[in-house]
Amino acid sequence: MSVAEPTSDSAPFFSDDSEAEGSDERREVAEEPASGVSRVRALLTVLILCYINLLNYMDRFTVAGVLPDIEHYFGINDEKSGLLQTVFICSYMFLAPLFGYLGDRYNRKYIMSAGISFWSLVTLASSYTPKEHFWALLLTRGLVGVGEASYSTIAPTIIADLYVQGKRTNMLSIFYFAIPVGSGLGYIVGSQVSALAQDWHWALRVTPGLGLIAVLLLLVIVQEPKRGAIEARPEQHLHQTSWIKDLQALRRNRSFVLSTFGFTAVAFVTGSLALWAPTFLLRAAIFSGEKVPCEEGHCSSSESLIFGIITCVTGILGVASGVQVSRALRTKTPRADPLVCAAGLLLSAPFLYLAIVFAEASTIATYVFVFFGETFLSMNWAIVADILLYVVVPTRRSTAEALQIVVSHLLGDAGSPYLIGVVSDALRRSDSFLWQFRSLQLSLLLCAFVSVVGGAFFLATALFIEKDRQRAENYDPTDDEPIVVPKSGRSTRVPVSSVLI
């Protein structure tokens, strides 16, 4: 067994892959790490990136935590409510390739700092939207995606240049813990700040100040690591290729393509639930008589609070259990990662279905099913990121991250909140409390079906993961360069792959 593989199925969550790797580290204490970043600074970098990721998702789902208040304030229907998430995701999605291109070629720390500063200022501006101008809230929420695109495409690649193998998986796990925890905090902080201030606008004024603190931490503490050096493939040995060649190489990477479609299903489901679950639970409580209708300026916040707590807890359990199960299975099969992702999606589908169906009958049963459904759904986050990083060479990782963001959001959560709202409005026969609840219930059933489709994509990924990982680990930049061979008395340039020796 190589030192790159775990030596025991019972390795602790934050352990190194083997004792040999630990002894190597002790010998290198006095040496400068290959990445050019000290161990302490590397750990601080991960913690800072984790903090920013938490703010990212906290800001993203603050709106969902106060959505009933926003609907009442502007007098909008489900279709327009869904647009709030859609416009944000669309700007985020379309700008991701630009920042991916820049992140593969320029200093990533400065790109992120500029993006986060812009995001914080625009978020603060959105909190001053007047009642007569719903379009202004849509515009500012769209601009928030500009800043977040600059961060999400780049941060995982910095972690990849600081750590390898088991340590990289552990650090990515810490990083992706921030997604469910930040999402849950978005619901909690949004609903509770709104309740305290009796004004939903104040919910959007929490994250901007925290974002500017993050910028200062980035500029003062974070150091740009050398690309690929930690993998014994420094930048000078990994030549940059054109953006078109990068895209062509990624298109031929079947593990990357299939896992991206699988993750698209995750994005579709989480995007739908993120915006609509608290509102759906509130409508279920009103329909069953547990709550009075929302007729004043401030609606009940208990559903957002409970759903936020569930999201935090299930996110931690899901990410941790996904990594642990994957680590245990890696000793038995190299296809462990996509198989665990597939199992998570396939197991989440029946629980999400039951949560939606039981909403009118039993509130407790609904929350229990939501708990298990979100736990299984969260098993994918860190593993999908790890798959991308080990099947793609270092000089293409930011581009790959950006492309995965574009596809997963374009076909996933960019349209799913709006689609759920459109279907809900189309199914509603009247404005009664019965049909406000029933139409949204029927439209949300689509999430269970999409989870099954996503599981199938990850099962297909398992068929190609070994070969694609080996190809990335043994990548030779000269494979991308054409060579000259004679043809009918003249020389011509052809790809290396077309020449048989």
ask   = Each residue of region 355-363 in order: what ³J(HN,Hα) in whole Hz does its phi give by Karplus 6.51 cos²θ - 1.76 cosθ + 1.60, θ = phi - 60°, with x for Gly and Pro?
value = 4, 6, 6, 8, 4, 7, 8, 8, 5
ask   = After finding the eigenvalues of the alpha carbon gyration tensor for region 344-388, what semi-axes result from the square roots of 5 times each, listed largest first in whole Å?
value = 26, 8, 5
request  = In nm, give the distance between the simple-model label positions of ALA426 and LEU463, each being 7 Å from the Cα along the Cα-to-Cβ direction.
outcome  = 3.2 nm
query = What do you get for Rg/Rh over region 242-473 if you use C-alpha atoms and the Kirkwood form of Rh?
reply = 1.04
query = What percentage of the solvent-accessible surface of region 34-229, computed with a 1.4 Å probe over protein heavy atoms, is contributed by carbon and sulfur atoms?
reply = 71 percent
key: Greater than 29 Å apart at Cα, pairs in LYS226/LYS332; LYS131/LYS291; LYS80/LYS245; LYS109/LYS167; LYS167/LYS467; LYS109/LYS131   = LYS226/LYS332; LYS80/LYS245; LYS109/LYS131
message = Using only the alpha-carbon atoms, what does region 34-229 span along each of its principal axes? Please give whole angstrom values in decreasing order.
response = 57, 31, 26
task = Report the label-to-label distance for LEU434 and ALA197 in nanometres (one decimal), using points 7 Å from each Cα along the Cα→Cβ vector.
result = 4.0 nm
message = I need the calculated FRET efficiency for the pair ARG39 and GLU224, taking r as the beta carbon distance and R₀ as 22 Å, to the nearest 0.05.
response = 0.85
Spatial separation of Cα centroids for region 46-74 and region 311-332, in angstrom = 25 Å
ask   = With the other protein chains left in place, how much accessible area per residue, in square angstrom, belongs to region 55-139 at a 1.4 angstrom probe?
value = 36 Å²
ask   = Quick one: Cα centre-to-centre distance for region 425-466 and region 137-151, in angstrom?
value = 26 Å
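The values are calculated or read from the model by the stated rules, or taken from the named source; none is laboratory data. Just so it is clear, the structure is predicted and the values come from calculations on it, not from any experiment. Note that we place each Cβ from the backbone using ideal geometry, even for glycine, and neighbour counts take in every protein chain shown. Remember, those area values only see protein heavy atoms, side chains included, never the ligands or the DNA or RNA. Shrake-Rupley method; radii C 1.70, N 1.55, O 1.52, S 1.80 Å.
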